[in-house]
Amino acid sequence: MSNEIKSRGPEKRVTRFTAVMLVLTHIVPSPIFILTELGMGAVTFDELLLTLADPVIYIIPVLQIVLPILMFMSFKKELDAFDGSEESTRRVNRHVNLFEKVSIVLPVFFSALSPAVYIARYNQRGLSYVAFGSESPFLYQMTLMLGITFVFSLFTYIIYLQSIERNLSWLPYRTEYKTMSLVSRTVTAAVFGILGLVMVVECMFFIPANRSLSNYEFLLRILPFVAVAIAMDVIDFFCNINDVKRNMVSISGLSNSLSNRDYTVGKIPVTMRCELGDLVNDLNSFSGSTHNILVGIRQSIETSNQTAGILAKSMESASKSVSDITNGIEIIGSSITDQASGVEEANASATHIMERIRDLNHSIEAQAASVNQSSAAVDEMVANVRSMTQILEKNMGAVNSLGQASDEGRQSVQSAVTMSQEIISQSASLMEASSIIQTIASQTNLLAMNAAIESAHAGEAGKGFAVVAEEIRKLAEQSSKQGKSISDSLKALSASIGQVSERTKEVQQKFDAIYSLAQTVRTQENVVVNAMAEQSEGNQQVLDAMKQISDTTLVVKDGSSEMMVGGEQIVREMGLLNESTAKIKGRMRDIESGVAGILNAMKEVSSSSEKNQDDLNKLGEIIETFKL
């Protein structure tokens, strides 16, 4: 509403011509009434002067001038108070409606009042018109005044009505406040014109002096008035129809422009506040709405084309990212396969080490029994020195084998730790790739939502685009779900690898302990061998050596027990590592399947985007045929 009337400038004023025509509508009947009375022979010139000499009768003409002016000033004040709001629009429309109705009622009221005043003064002053003799001229004057009003005031009222409605073209028109419908205007003009003509003719018969005239003389006297009345009726009807024609031409021009797809034409003003005004309002509203819709569609097409270009670039970037992810998955799969082989070998080595440790433990137990028996009989100890030497040599070989196996196990575990760190690093890059996929899916979903909104603005023309937008949104949701599944799998993978890495480090520590104990056993075995060499020097030395052997054997036994416990723990941890590796391989297969689904979805999105862009280009070509 504020765009229709922004200021209180000259375009809101009603011209003086309108005020003049309003006053003439009220006052025109009086002078024509006087001239018609003389022409019809109702009064003589002297009788007319005598009648006009009464100042009381001039009250009516003064009221006919002053009252319309006051009405117009009040109406003008109401117009000046218009501020463009809807409430003000309805208030001013109500005043326009009332003003136009009062403007047609008051002239008729004064036309009926004037003869009554004239006759009242006629009787009070004791006047007498020759043409009427003893009869009262009231019926004649009333009929003549109303007939003149219906014929001549109708003309000025039509001009006044056309003027005020053209001057009020700036005021937004509301249907509920129209003064008269188009049919009412036409019927009123026709009825008033015909009724006025009949009254002008009929009043001739109310003059007693005319009854004595011959038919020829009567016709000669009445014919000029009939001709003038008929001419005025024709003019009244022409003015009314011409105003309708002018509005229809304006409406037809706008309709032709719209039918030729030319929406650059501006709004046409409402210059008739009737059904034609309703039609103008509807056409203006249709033109504005259609123009906005077409402009919106064109802008939507441009935005959609830009979005399609961005989507194409995003899909290309996404394809590269997915390719990188696929390559990373292949590398990880290869690494996991190598890791699985290493874990199996490490598990086999740990099992073999455990068997050696059990053998060593049995040997140590046998050695402890032998030492106890040697303590009971020194003589038997000497006899068994050679046997003990052979056993020690076997133990030395076993210890050497244990040390070598422990060193190999430690190296294998170190390789597993390094491999776990590499897997964790590669899992981090996969997490970044999964985040990229989810971001792309989110952007695609947002773009699909924007496209759906724009298609909704497009109405019927955007239904096909809405379907495409919905498919893009579904694909975006599928991509987001796949991205989340990949992210969850990678998180589980990273956690599992972290556990494997920690447990592998523990295995490495155990192998370090085994290696250290093996070196200790080797050292102790060297001491035992030296002690056995020196045993031949004396029993005392043998007894001392046996004591040292006994002590050393206890230490070795304790170490062997610890080694057995550690070995069993290593075997269990290696089993867990083997199971984790199998789970990782399964997760990697799921990831490969998800990436394949993403690639297929991206291909479908690219195909749909190309088809959508072709449809938008076709729609854009249609929109370009409109002048906006």
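Each part gets one Cα centre, and for region 8-83 versus region 88-137 those centres are 11 Å apart.
Which pairs, out of LYS481/LYS585; LYS583/LYS603; LYS481/LYS505; LYS320/LYS505; LYS313/LYS474; LYS313/LYS583, put more than 29 Å between their alpha-carbon atoms?
On the way: LYS481/LYS585 21 Å; LYS583/LYS603 31 Å; LYS481/LYS505 36 Å; LYS320/LYS505 37 Å; LYS313/LYS474 19 Å; LYS313/LYS583 37 Å.
As for pairs spanning more than 29 Å Cα to Cα, those are LYS583/LYS603; LYS481/LYS505; LYS320/LYS505; LYS313/LYS583.
Given H placed 1.01 Å from N in the peptide plane, which residues other than close sequence neighbours of ASP262 have an amide H under 5 Å from its amide H? Excluding prolines and chain starts, which carry no amide H, the hits are LYS627.
Tell me whether region 1-160 comes out rounded, prolate or oblate; compute the Cα gyration tensor, take square roots of the eigenvalues as a ≥ b ≥ c, and use a/c under 1.5 as the rounded threshold. Note, shape of region 1-160 comes out prolate.
Karplus-derived 3J(HN,Hα) values for region 442-448, using 6.51 cos²θ - 1.76 cosθ + 1.60 with θ = phi - 60°, are 5, 5, 4, 4, 4, 5, 5 Hz; glycine and proline are entered as x.
Rule-based calculations on the coordinates, nothing more; no lab input. Values in this document were obtained by computation on a predicted structure and should not be read as measured data.
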